[in-house]
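Accompanying notes for the structure given below.
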Amino acid sequence: MKVYRLLRLSIGLVALILPGGVAAAQGFGLNEIGACALARGFANTGSPCKDASMIYWNPGATTTLPGWKSSIGVSAIALNGDFKQDTTGRTFEQDAPVAWVPSLFVNYKPATGKASYGIGVYVPYGLTSQWHDDFPGRFRALKASIQTIYVQPNFAWQINSKWSVGAGPIIAHSGVELIQGIDLSEQLTPTGATFGQLGIARNTEFGRVRLKGDAMGFGAQIGAYGRLNSEWSVGARFMLPITFDYDDADATFTQIPTNLVLGGTVQPPFSAGTPVDALVAPQFAAGGKLVAQKATTKITHPGQVSAGFGYTGVKNLGINVDYAWVGWKRFDVLPVLFPNAPDTTLNRRLLENYNNTSSLRIGAEYTLMQPNFRDWKLRGGFQAAASAAPAETVTPLLPEQDRNYFMLGVGVPWGRYSVDASYAYIRTAGARGRIVERTNVAQTAAQLNTGVYTLNAQIFAVSFQASF
Amino acid sequence: MFRRQHMIRGALTIVSLAGALSCTSDHGVIMTPVVNPLFRSYVAIGNSITAGFQSDGINDSTQQRSYALLLARQMNTRFAYPSLVNPGCRPPIANFLTQARVGTGSTSTTCLLRNPASVTEILNNVAVPGAGSGDADTPVGPAGSTLTTLFLGGKTQVAKALDARPTFATVWIGNNDVLQPAITGIPGSATPLTTFVTNYAKMINDLVAGAPGIKGVLIGVGQTANIPILFSAAALSNPAFVAGLNAAVAPKTIVVDVTTCTPTSTARIGFPIIAAIRAFPAAGGHPPTIACAKTATPPIGDIFVLDAAEQIQVSDLVNSYNAYIRAKADSIGFAYYDPNSLLNTLTATGQIPAVPNIGSATAPYGPYFSLDGVHPNTAAHILIANDLITVINAKFATNLQKLPTT
């Protein structure tokens, strides 16, 4: 009967969350922190994996780890995405390299006492979106990369035999890199008209800008864990948002040959036979607008809340269910400003208008008892996540869309050591998106979107655990 | 054991159910369904007619009346054209009698730029007014103009067409190789056949090489005999017609050379002679005497006059062009359309008048030519589109529907 009650509860949660229009999801978040957690569908708050990655998944639960525990792991994320353009029917493949997401945790819980101490180094947010040079959306992003690392010292306290809490400050470092084409058709001529009005086609790349900068940020995470009885456990955690001000980013510009030659005279200096590249070359020379300079941007890594439960009432089997909320609404506008430029025409305020998101995570772990495989863990998980981005913000920067995660994994003990390995497949159905800039909020998805983004990914993760 | 199996089965059910609920069954792709995959990407290469030039001008309104756009609509395929801000570049003539142009204060040098909303990566109508066979595949061709830059932005028509990865093309190039020489009465300045063939072959070969598998229609060159801007010299025996011309050149007065201009004269006179007489004695002007055959005082009787021999010379050249175009179409699996069947019919039925009604403000050249006497008007574009549909359906076994003609 208990099993059926659990099923009914789980199904109810699914029905409540998924179809009701509650966005669930991801943005540039990364949950690939520990191979065990990945294999369990990230359902790791109410009954975390018994390793030091608890420092991230539930800082309050680390009092359940006796002695010294360490965990080191890495996840390899291989993206496979493309964009199919309506107008030409062409499909443009992504060119993103495999992303490697590391994590390292150490925790110590004395044999006596109620406190535990630890430190975690992990990557909860990150992004690499990269396209080939002929991608028509390169004017929004040819490459977008966010590399963030959080360092979290952790302190947890066992309140009583059932409940414990934990918290720790977060010191974070984030590096950002954005490479964009510069569209000649959008540039102003001396008369005030754009080059586009003089006939230059949209997406005529005459230059390329690379912004690179880094910033520090500070936050905190707290968690609580409760062992209600021998079968049920619950947990919750809250991570503060961290805003990174990239105030001293470097912007460099490179001229890209267009090889265009004007076929007829419009107005001086736009005369028949004039190479367009000669017309724009002074912009890249000393005194021009497109020379190396400083740039600023600001990105907030949103806060996270998750809560869940674990059930171990079935012999050798654990079931975990989490609900997770991420405050993506803070990713509303992405400013890219050039404070030392002679005018403001280079400045951009990219409208993102993300929505807060929720997701449901379901995982299971089965412990083998056969003599040759004693205490081996077989794990499986699933996560359904709707897009954080609204329909008008599916862009080359991040072609965000609804996703389903399917995970499998295994844990192999070896004395004081163990190794976890897992695999996840991320599937999307595709989403219509844009390759042009959205310049005001009145522009709708139907007006902006000119193709379909598809995105799939495979993740391999491995973690090594040691106990002392 | 039983309990565990149920548990696992239940978990799988949850996963399946959650997956089913969260999967997006369709990503909302709303694509215009073309009537045939052949027309997935249609491009139109050409000159002023294809671009939508009418009444000595072009703007968004006339661009929307091009046969190419009408054809694209019947294909139900995307068709982007380089829309010009109204009143245009240059604005079309709105009144034949006053020569007033569309838009307050507009002149023949008024030129507004591209509509910002029309700035797009891919154009389907890449035709440029004035383009001849030497222009469509050359960055800076002999007929390069302001519109060449405004429409192509530094590319050639062929390169611009290939940007669209075309599956279907119409190509109507060649009229300008012979038009001005005919109108100005200097047929010797027309593009020689060998040059035309070289230019045309390069254009088509580059198009086909850049778009493997492309199909389409090559359109022949119109005979200048069917263009009402060249009027019958016999009309100069009509005092009322001459009075109308005098009103147009006032305060000058036209002198008709009655020794060469008789009621049986077969010469054709280019209407731009009127503007030239008005401009005389400035450069490019013409004395106010009109002769219908060459005289001892050139340019009288020569410039703006196509005598019988010159008409044959022009006609033969056009026939040679068209023979090559037809053969080229056959060689690449394209259809061929000869517009002269339509023009001959309209001429034979008097709908292309031999003599313009110069008292009419809105239809001096009949019901199918615009106010410049060279470019088809909207009604004619519909006829051309329908003729093309007939040709396309016959060649490619398609089922494009014709446009209503009323």
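Structure summary
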| quantity | calculated |
| --- | --- |
| Region A:235-354 - Kirkwood radius from inverse mean 1/r over Cα pairs (Å) | 19.4 Å |
| Length-normalised contact order of region B:230-308 in % [C-alpha pairs under 8 Å, at least 6 apart] | 31 percent |
| Whole-number D in µm² s⁻¹ for region A:106-261, Kirkwood Cα-pair radius fed into Stokes-Einstein, 37 °C, 0.692 mPa s | 167 µm²/s |
| Peptide-level mean, for A:83-91, of C-beta atoms on other protein chains within 10 Å | 4 |
| Centre separation in Å (Cα based) which lies between region B:286-311 and region B:173-212 | 26 Å |
| Debye intensity ratio in log₁₀ form over the Cα atoms of region B:230-308, taken at each q of 0.22, 0.23, 0.25 Å⁻¹ | -0.97, -1.07, -1.27 |
| Eligible lysines near B:Lys202 by straight Cα distance, threshold 23 Å, same-chain separation 8 or greater | B:Lys155, B:Lys160, B:Lys215, B:Lys328 |
| For chain A: relative contact order, % (alpha-carbon pairs under 8 angstrom, 6 or more apart) | 19 percent |
| Hull volume in cubic angstrom per residue (convex hull over the Cα atoms of the protein assembly as shown) | 183 Å³ |
| Cβ-based charge dipole, the protein assembly as shown, positive-most Cα from B:Ala243, B:Gln54, B:Val43 | B:Val43 |
| Charge dipole (debye, nearest 20) of region A:277-350; +1 at Cβ of Lys and Arg, -1 at Cβ of Asp and Glu | 160 debye |
| Relative contact order (%) - criterion: Cα under 8 Å, at least six apart; region: chain B | 17 percent |
| Principal axis box of region B:122-223, alpha-carbon based, largest edge first, Å | 41, 27, 19 |
| Reachable aspartates and glutamates, given that their alpha-carbon falls under 12 Å from the alpha-carbon of A:Lys114 and they are not under 8 places away in the same chain | none |
| The protein assembly as shown - charge dipole about Cα centre, Lys and Arg +1 at Cβ, Asp and Glu -1, debye rounded to 20 | 3500 debye |
| C-alpha long axis of helix A:2-17 to longest principal axis of chain A, angle in ° | 20 degrees |
| Amide H contacts of B:Thr295 (H built 1.01 Å from N, under 5 Å, at least 5 apart or other chain) | B:Asp302 |
| Label-point separation, B:Ala282 to A:Asn340 (7 Å along Cα→Cβ), nm | 5.5 nm |
| Percent breakdown of C-alpha pair distances by 10 Å bin, ordered from the shortest bin, for region B:309-391 | 16, 37, 35, 11, 1 |
| Modelled FRET efficiency - R0 30 Å, A:Tyr417 with A:Ala76, Cβ distances, 0.05 increments | 0.90 |
| Peptides ranked, highest mean first, by Cβ atoms within 10 Å: ranges B:357-366, A:392-401 | A:392-401, B:357-366 |
| Shielding of A:398-410 by partner chains, average beta-carbon count, 10 Å | 1 |
| Theoretical ellipticity at 222 nm over the protein assembly as shown - DSSP helices of four or more residues, -39500 (n - 2.57) apiece, nearest 500 | -6000 deg cm²/dmol |
| Between helix B:378-396 and chain B: long-axis angle, C-alpha atoms, 0 to 90°, nearest 10 | 50 degrees |
| For region A:2-467, the Rg and Dmax computed from alpha carbons only, in angstrom | 25.2, 87 |
| Against the rule of thumb 2.2 N^0.38 Å, how large the Cα Rg of chain B comes out | 1.22 |
| Residue mean of other protein chain beta carbons inside 10 Å, A:254-267 | 6 |
| Proximal aspartates and glutamates relative to A:Lys69, as straight alpha-carbon distance under 20 Å, when same-chain residues fewer than 8 apart are discounted | A:Glu32, A:Asp51, A:Asp375, A:Asp420 |
| Which of A:Tyr56, A:Tyr405, A:Tyr425, B:Tyr324 has the fewest Cβ neighbours within 10 Å, and the rest in rising order | A:Tyr425, B:Tyr324, A:Tyr405, A:Tyr56 |
| Reference-scaled alpha-carbon Rg (2.2 N^0.38 Å with N residues) for region A:332-428 | 1.77 |
| Alpha carbon centroid spacing (whole Å) that separates region B:95-131 from region A:81-98 | 36 Å |
| Packing-based ranking, highest mean first, of A:95-108, B:99-112, A:351-364 given that Cβ atoms within 10 Å are counted | A:351-364, A:95-108, B:99-112 |
| nm² value of the averaged projected area, convex hull over the Cα atoms of region B:253-406 | 12.0 nm² |
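Read-outs throughout are calculated quantities, based only on the coordinates presented, and are distinct from any laboratory measurement. Computed from a prediction, not measured in an experiment: that's the story for all the values here. Virtual Cβ from ideal backbone geometry, glycine too; neighbours counted across all protein chains shown.
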